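Only the coordinates and a few stated rules stand behind these numbers; no lab work does. Remember, it's a predicted structure, so these values are computed and weren't measured experimentally. Quick reminder, even Gly has a Cβ in these numbers, built from the backbone with ideal geometry, and neighbours come from all protein chains shown.
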Amino acid sequence: MDITINQVEDRLVVALIGDLDNAASSQAERSLAPVYDFTDGDILIDCTQLNYISSSGLRIMLNIYKHTRANGHKAILKGLSEDVKEVFQLSGFLQLYVTED
């Protein structure tokens, strides 16, 4: 699992690459620490290269959503594959996020 974080204008763009599964979740949480310091705008999570997400990955996504909403901004998902989108739909998380193609 690789994660890149860049600020683009007033958004923080987080790219998730690989599998966000139980084995990767601890490292992913550490890598995503800067996300919780960002309070100035929306957070865009680019899932274009995300192959798989487990329940521990969904927990991380929920924490990002809660942080973003608490700061009065939007959490946005971009580039969901059909498999990952299905996990978000079945868990009800797709209703929380704004989506972009």
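Counting Lys and Arg as +1 and Asp and Glu as -1, what is the net charge of the other residues whose Cβ lies under 11 Å from the Cβ of ASP40?
-3
With the chain treated as a Gaussian network of Cα nodes joined by springs under 10 Å, which of ARG11, ARG30, ARG59 yields the largest mean-square fluctuation?
ARG30
Excluding ASN51 itself, what net charge comes from residues whose Cβ is under 9 Å from its Cβ, given Lys and Arg +1 and Asp and Glu -1?
-2
Using the Cβ atoms and a cut-off under 12 Å, what net charge is assigned to the surroundings of ASN63, where Lys and Arg are +1 and Asp and Glu are -1?
It works out to a net charge of +2.
What full-extension length gain, to one decimal in nm, is calculated for ILE17 and ASN51 as 0.36 nm per residue of separation minus the Cα-Cα distance?
Result: 11.5 nm gained on full extension.
As a check on your grasp of the helix formula, calculate [θ] at 222 nm for the chain: sum -39500 (n - 2.57) over DSSP H runs of n ≥ 4, divide by the residue count, round to the nearest 500.
Per the formula, -11000 deg cm²/dmol.
Give me the percent of DSSP beta bridges within the chain that run antiparallel, rounded to the nearest 5.
For the chain, the DSSP antiparallel bridge percentage is about 30.
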